[in-house]
Structure formats: C-alpha cells, structure tokens
Amino acid sequence: MPNAAAPATEGPDRSVPLHVAIIMDGNGRWAAARGLPRAEGHRRGVEALRRVVRAAHELGVLYLTIFSFSSENWSRPATEIGDLFGLLRRFIRNDLATLHSDGVRVRVIGEREGLEADICTLLNEAEELTKDNTKLNLVVAFNYGSRQEIAGAAQRLAREVAEGKRDPASIDADTLGRYLDAPDIPDPDLIIRTSGEQRLSNFLMWQAAYSELVFVPIHWPDFDKAALESAIAEYARRERRFGGLAAKTGS
C-alpha cells in the first residue's frame, strides 16, 4: 500500500472505490446482546466475511482489506485467542479452494514471527496458491498494527543508512511508503468500521491519509451486501479534495 497523493481510484465509475478496507468490529457485543458466547459471535463474523467477499467482487471492488487480528488482541483471554485462531484455521482450510476458484488473490500483512508454525504454513499456502488470481485481492491484516508496520519500515531504512547503502536525504514519504508491508497495493479509498466505534485503532494509519471513513452502527455479524452498498453510496456522495479543488467521487 504505497504512499500516494490520494487513493488510487480508477475506471469510469469513480463512485465504486477501488480499495475498501474494513475494521470488523462488534462480534462480542453481537453475541452478548443475544446471550451467546463470544465464540459464537466470532463464528458468525466469519459468515459475514464470506458474504462481504462475494459482495465486494459483485460490486466491482478490486481490493478488500480486512482487519482480522490486531497485534493488540493478544491481551484478550487465552481461550478467546484460541477460538480466533481456530476460526482462521477452519476458514483457510474450508474456504481457500472456493476463494481460489473464484479468482480471489489472498495477501497477508502483519507480523508472522512468533505465530504457531501451522498458522504460518496456512498463511503461506493461501498466498502461494492464489498468487496469480486477479478478480479480487483479499488483503488479510493478521497480527497487524500500523505503528509496528511504520516502525519496521523506519528500521529497514535506518539499517540501509547505517550500512552506507542510502543517503538520509533520499528518504521522503514516498520512500518510506515503499518499505511498508504491501507497497504495491493502492491506499484504501474507503475505510468502514462496524459497531459504531469511530476510530482507526492502529489500522492502516499511514495508508488512510486520504481515505474516506464511514462508521456504521451495526455489529459485524450483521454486515452484508446491503450494508456494504450503503457505505459505498455514502462514499460516492462525498466530495474529495485531497488538498485541492473539490472532486465528487461519483462525478
């Protein structure tokens, strides 16, 4: 996700964002409101993810980034972390063949050091199997934190300077952007957060510089194609200036 003057919306219909990123929030609250265990909320959240991946492709979105596990989520109870990892394992094992046949390319951003070996293997297999697919790019932010991503990029640049491979004066915003986890992916045009919370929570903070933010009150397990269409419609109504003159997204 490179540093750019603006997210890279392309094509004749600029009302449909090229890249949508989603903070999938509210699984636990959805379950609590129904007297169900949190694990059931996470399971229903996976069902919502399946719906939204299909919907994104049908609506013409080319990049869909999902915040599946934050680096801060390690502070949750061990049983809940185990449930989340179990769902990831089942999702990849059960859904990867379908994603592949549907032309979805899976990309993973975030730290893999310290993850269990079978999780790393599954993530690598998902990326390798789908690397040539072009219909939809599904970017999974797993064990991800934006501050850590930016710090990692800064560290790599600092090592190059220390080794005499780079002049510090050559480092600008575009340079740092090329050292992030997925520099070839365009910045998100639209970031959606479910459950009514109104913050980024350490998600794509560098890439979100010019993104439109839409916060929806419904919890993630209830999110569906209609909700995605509504968020995209809100995006299309906005005027995007990027520091210059107004440019309405749907014009």
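A few comments on the model shown:
- For the chain, DSSP calls about 5 percent of its internal beta bridges antiparallel.
- Relative contact order for the chain: 33 percent, from Cα pairs under 8 Å spaced at least 6 residues apart, divided by residue count.
- Peptides 209-217, 89-97 ranked from most to least packed by the mean count of surrounding Cβ atoms within 10 Å: 209-217, 89-97.
- Using only Cα coordinates, the Kirkwood hydrodynamic radius of the stretch 125-231 works out to 16.4 Å.
- Distance in nm between pseudo-label sites at Asp132 and Ile81 (7 Å out along the Cβ direction from Cα): 3.9
- The stretch 128-251: relative contact order in percent, alpha carbon pairs under 8 Å with at least 6 residues between: 19
- For Arg238, the residues whose amide H sits under 5 Å from its own are Thr249, ignoring neighbours fewer than 5 places away on the same chain, with H placed 1.01 Å from N.
- Restriction of the trypsin sites (Lys or Arg not before Pro) in the stretch 168-228 to DSSP coil positions whose beta-carbon has at most 15 other beta-carbons within 10 angstrom yields Arg178, Arg199.
- Taken over the stretch 1-149, the convex hull of the Cα atoms encloses 132 Å³ per residue.
- The chain - accessible surface per residue (Å², probe 1.4 Å): 48
- Converting phi to 3J(HN,Hα) with the Karplus coefficients 6.51, -1.76 and 1.60 and the offset θ = phi - 60°, the stretch 161-166 yields 5, 4, 8, x, 8, 8 Hz in sequence order, with x at every glycine or proline.
- Using a probe radius of 1.4 angstrom, the carbon and sulfur fraction of the accessible surface of the chain is 51%.
- Over all directions, the projected convex hull of the C-alpha atoms in the chain averages 14.6 nm² in area.
- Rh (Kirkwood; distinct C-alpha pairs) - the stretch 107-149, Å: 11.3
- Residue-wise HN-Hα coupling along the stretch 230-239, computed from phi with Karplus coefficients 6.51, -1.76, 1.60 (Hz; x: Gly, Pro): 5, 5, 5, 5, 4, 4, 5, 7, 7, 9
The values are calculated or read from the model by the stated rules, or taken from the named source; none is laboratory data. Every value quoted in this text rests on a predicted model; they were computed, and no experiment measured them. Neighbour counts are summed over all protein chains in view; Cβ atoms, including those assigned to glycine, are modelled from backbone coordinates with ideal geometry. Each accessible area value is taken on the protein alone, full model and side chains, heavy atoms only, with ligands, DNA and RNA left out. Shrake-Rupley method; radii C 1.70, N 1.55, O 1.52, S 1.80 Å.
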